[in-house]
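> Mind looking over this structure? Questions follow.
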Amino acid sequence: MPMFVDHSPPGQCIFCRLVAGEIPSAKVCEDALTVAFMDIGQVNPGHVLVATKRHAVTLLDITPEEAAAVLQTAQRVARAAQAAFDPPGMTLFQANGPVGGQTVFHFHLHVLPRHEDDGMALAWPRKEPGGAVLQDYAARLRAALQDG
Ligand SMILES: [Zn+2]
């Protein structure tokens, strides 16, 4: 995970200032709801962040329209990165909350071209609890969906 952590209040965060043009960025594209710009850290060449223009912290805070716009912009950027850098793989990474790996608390999605042995790592500790537990988890989620 990156070491930089932005604790600025809403509206003054680094991405809000970037959207407002108060700090420079290497912008790739933008539309009414989103902006795409180069990640300063560049894990691999062509590493882009897609952020909402409006300040929202996590996936739970953005509107359905913003969610759709973010993924549409990410797909445009991924196609451009494929054409410009020709990576053999591409990973989308989106983190929510400090425990989830979020370090800038303004919603964003990483579009990350990938290469063999590029040092990216994400542990995936499988638990495989079995069918009865899966049915229970699904039932809890279905009930929560009906509440929403
Ligand atoms: Zn912000």
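Nothing in this text is a laboratory measurement; each read-out follows from the coordinates by a stated rule. Computed from a predicted structure; not experimentally measured. Positions of Cβ are generated from backbone atoms using ideal geometry, with glycine treated the same way; all protein chains shown enter the neighbour counts.
> Run the quick spin-label model on Glu128 and Asn96: label points 7 Å from Cα toward the beta carbon, then report their separation in nm to one decimal.
2.8
> Could you compute the FRET efficiency for Ala138 and Ala67, with r as their C-beta to C-beta distance and R0 at 25 Å, rounded to 0.05? Mind dumping the intermediate values first?
Numbers: r = 22 Å, r/R0 = 0.89.
Using R0 = 25 Å, I get an efficiency of 0.65.
> Per the helix-only calculation at 222 nm, which mean residue ellipticity applies to the chain, given -39500 (n - 2.57) for every DSSP H run of n ≥ 4 and division by its residues, nearest 500 deg cm²/dmol? Mind dumping the intermediate values first?
On the way: 3 runs with 45 residues, N = 148.
It lands at -10000 deg cm²/dmol.
> Taking 0.36 nm per residue of separation and subtracting the Cα-Cα distance, what length does fully extending His7 through Ala84 add?
Values: separation 77, 0.36 × 77 = 27.72 nm, distance 3.38 nm.
Stretched fully, the His7-Ala84 segment lengthens by 24.3 nm.
> Which value, in Å to one decimal place, does the Kirkwood hydrodynamic radius take for the chain when every pair of different Cα atoms is included?
Working: mean 1/r = 0.0589 Å⁻¹.
About 17.0 Å, per the Kirkwood formula over Cα pairs.
> Skipping prolines and chain starts, which residues have an amide H placed within reach, meaning under 5 Å, of the one on Thr91, given they are 5 or more residues away or on another chain?
Those qualifying (amide H under 5 Å, at least 5 residues apart or on another chain) are Leu112, Arg114.
> Let me ask something else. Given the Cα-Cα distance of Asp117 and Ile23 and 0.36 nm per residue of separation, how much length would full extension add, in nm? Don't skip to the end; give the middle numbers.
Details: separation 94, 0.36 × 94 = 33.84 nm, distance 3.34 nm.
Once the chain is fully extended between Asp117 and Ile23, it gains 30.5 nm.
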